[in-house]
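Working notes, structure below.
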């Protein structure tokens, strides 16, 4: 039978969500959210383009600076360079050694950042408007159900510790949601992104984990923004941490991020820095110097004590003359 033509159009199915064009979310931004968009967005000018051989050149310079350490490491030894170790060894070397050798213990202050970051990761991809404590509860459940280093502590933590952890992590998540604009899928937001560079067959490794990245490189044109979420006061070490991440990213994919930013949740303020070749070279030199001191201290070199405001919370303070003088001076200023 010949089908009869009709004027009625055949019904069409909606395109799958991943194929639908993204619509601008009709959300009014508060001043803090608008400030984040203005500071981290690309409206401030054309994104920078970097030489196509920048990544290999940085990797070659890094390898040349670290190669002399291979003989000192010994067979089978692996040197892992991360932002925390670099910050410590460039600060007070006595404190670096103490924290390196002190057994790691979990506490509410140690756990709250991990739980908050997991909750923020869920918030970025949550299908409806998220509620901070719902995100925290889901983060706690997921961390406890995996082989994460926090799982054992969560399984045995007291009700008081869990309540305190939930409260403090919820505070951080609430501040993130009220300070950051909703992150659209087209911005390619990624949370808790691990970065790694391995040299000499893995004997020396640079490692990092970034709180949040937005955007991506196109060819040799930088487009990514790396964001570290912070509480408390700004510190020069935070800038150094981000430069270290930028160095790893540049070696890893050949193009550095366009911008790095420390965002201080308590203040709803960010400190941003545009990434340049001199910045990457400075980060490389700092990494090499820090690695050399790590190995030297492992081999028995005398630790240099460098007092700073961090002496207030250092376990070595009761027996440290330099730290005691520093704290007395700070108390006088206060």
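The values are calculated or read from the model by the stated rules, or taken from the named source; none is laboratory data. Owing to the predicted nature of the structure, the values given are computational and were not obtained by experimental measurement. Neighbour counts run over all protein chains shown; Cβ positions are idealised from the backbone, glycine included.
In segment 55-99, how many are closer than 23 Å to residue 220 by Cβ and under 23 Å from the mean Cα position of the chain (by Cα)? Steps first, answer last, please.
Filtering segment 55-99 down to residues closer than 23 Å to residue 220 by Cβ leaves 55-63.
In the following step, the residues that additionally are under 23 Å from the mean Cα position of the chain (by Cα) were identified as 55, 58-59, 62.
So the answer is 4.
Which residue out of 112, 95 is under 30 Å from residue 318 (Cα atoms), assigned to a helix (DSSP H, G or I) and outside the structural domain of residue 202 (by TED's automatic domain parsing)?
112
Being under 29 Å from residue 179 (Cβ atoms), surrounded by 16 or more Cβ atoms within 10 Å (Cβ to Cβ) and modelled with pLDDT of 90 or more narrows it down to one residue among 284, 280, 297; which is it? Walk me through it before giving the result.
Numbers: 284 fails: under 29 Å from residue 179 (Cβ atoms); 297 fails: under 29 Å from residue 179 (Cβ atoms).
Exactly one residue qualifies, and that residue is 280.
Working carefully through the options 301, 246, 282, find the one that is more than 19 Å from residue 214 (Cβ to Cβ), touching a helix residue (DSSP H, G or I) at 6+ places or on another chain (Cβ under 9 Å) and assigned to a helix (DSSP H, G or I). Spell out how you get there, then give the answer.
Details: 301 fails: assigned to a helix (DSSP H, G or I); 246 fails: more than 19 Å from residue 214 (Cβ to Cβ).
From the options 301, 246, 282, the qualifying one is 282.
Among the residues of segment 215-245, which ones are under 23 Å from residue 184 (Cα atoms) and touching a strand residue (DSSP E or B) at 6+ places or on another chain (Cβ under 7 Å)? Show your work before the answer.
Taking segment 215-245 first, the residues under 23 Å from residue 184 (Cα atoms) are 215-219, 221-230.
Residues satisfying the conditions are 215, 221, 224, 225, 226, 227, 228, 229, 230.
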